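Asks: Okay, handing you the structure first.
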Amino acid sequence: MTTPLIFAIPKGRILDEALPMLAKVGIEPAPEFFDKANRSLMFGTNQAHVSIIRVRAFDVATFVAHGAAQIGIVGSDVVEEFNYSELYAPVDLGIGRCRLSVAQPKDDAEQIDNISHIRVATKYPNLTSRHFEAQGIQAECVKLNGAMELAPSLGLSRHIVDLVESGSTLKANNLVETDRIIDISARLVVNRAAFKMRSEELTGLVQKFRELVGQV
């Protein structure tokens, strides 16, 4: 019996947009997936050979890169942050759009142009370090997993690097966007080894997603 394909999808902001896309390519989670009281992380689907795992976005990339899942959906921010060589991202799904930006207090007059070292609170230390290194600035990254906007007001760091959609959260915390690092959208990602070993199954799925978003 063939081992089921494991499809990793992220909790959070991308999930609601990803589910209709999955349905359009013929994959629908079992009813218990939608039961908020259900604490399971792996679910069957209407396809006997496909199972779904629902994990944190950063973990989607790790599960797929290491072959524990063969295919997944995750933001390009996560793909770029980890830069796993085992991760193949063949399709831009065009959902989950936002940007990764630098922000600082609205009344802070410090200019990044005039400094050689900067302290930044972020969930993205690799992307942040690369961004500032390209400007000749050494970034000391303070790793946070959330509530980045609190860092300046509590003296943890003057600057943050975080996801920005409308900018309303920054405004509510008296912060302003000062630089955009990358624009972000969700990507279909595939484990490179699995793409060779299970080419027939995975190539067909990738093609369906390409057709869905008009990238044929």
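Asks: Taking the criterion of being in contact with an Asp or Glu (Cβ under 9 Å, 6 or more places away or on another chain), within 16 Å of residue 103 (Cβ to Cβ) and either of a type in the set (Ser, Thr, Tyr) or assigned by TED's automatic domain parsing to the domain that holds residue 68 (or both), would at least one residue in region 129-150 satisfy it?
Replies: There is no residue in region 129-150 that is in contact with an Asp or Glu (Cβ under 9 Å, 6 or more places away or on another chain), within 16 Å of residue 103 (Cβ to Cβ) and either of a type in the set (Ser, Thr, Tyr) or assigned by TED's automatic domain parsing to the domain that holds residue 68 (or both).
Asks: Here are 52, 115: which of them is of a type in the set (Val, Ile, Thr) and either at pLDDT below 95 or surrounded by fewer than 18 Cβ atoms within 10 Å (Cβ to Cβ) (or both)?
Replies: Going through 52, 115 in turn, just one is of a type in the set (Val, Ile, Thr) and either at pLDDT below 95 or surrounded by fewer than 18 Cβ atoms within 10 Å (Cβ to Cβ) (or both): 115.
Asks: Looking at region 183-209 only, could you name the residues that are within 21 Å of the chain's Cα centre (by Cα) and loosely packed, with under 15 Cβ neighbours inside 10 Å?
Replies: Answer for region 183-209, where residues must be within 21 Å of the chain's Cα centre (by Cα) and loosely packed, with under 15 Cβ neighbours inside 10 Å: just 183.
Asks: Going residue by residue through region 7-15, is there one that turns out to be in contact with a Ser or Thr (Cβ under 8 Å, 6 or more places away or on another chain) and either closer than 25 Å to residue 94 by Cα or not assigned by TED's automatic domain parsing to the domain that holds residue 62 (or both)?
Replies: Checking region 7-15: at least one residue is in contact with a Ser or Thr (Cβ under 8 Å, 6 or more places away or on another chain) and either closer than 25 Å to residue 94 by Cα or not assigned by TED's automatic domain parsing to the domain that holds residue 62 (or both).
Asks: So, one more: I need the strands (runs of 3 or more DSSP E) fully contained in region 1-100, keeping only those with at least 1 residues that are among the charged types (D, E, K, R).
Replies: 50-55, 87-92
Asks: Another question, then. When you scan region 17-25, do you find a residue that is under 19 Å from residue 190 (Cα atoms), surrounded by 13 or more Cβ atoms within 10 Å (Cβ to Cβ), of a type in the set (Gly, Ala, Ser) and touching a residue at least 60 places away in the same chain (Cβ under 8 Å), even just one?
Replies: yes
Asks: Okay, next question. Taking region 12-31 as the region of interest, how many residues are at pLDDT below 95 and in contact with a strand residue (DSSP E or B) (Cβ under 6 Å, 6 or more places away or on another chain)?
Replies: The number of residues fulfilling the criteria is 1.
Asks: Please determine whether any residue of region 116-135 is of a type in the set (Val, Ile, Thr), under 13 Å from the mean Cα position of the chain (by Cα) and on the phi < 0 side of the Ramachandran plot.
Replies: The answer is no, given that none of the residues of region 116-135 is of a type in the set (Val, Ile, Thr), under 13 Å from the mean Cα position of the chain (by Cα) and on the phi < 0 side of the Ramachandran plot.
The values are calculated or read from the model by the stated rules, or taken from the named source; none is laboratory data. These figures come from a predicted structure and were not determined experimentally. A quick note on method: Cβ atoms are made from the backbone with ideal geometry, for glycine too, and the neighbour counts reach across all protein chains shown.
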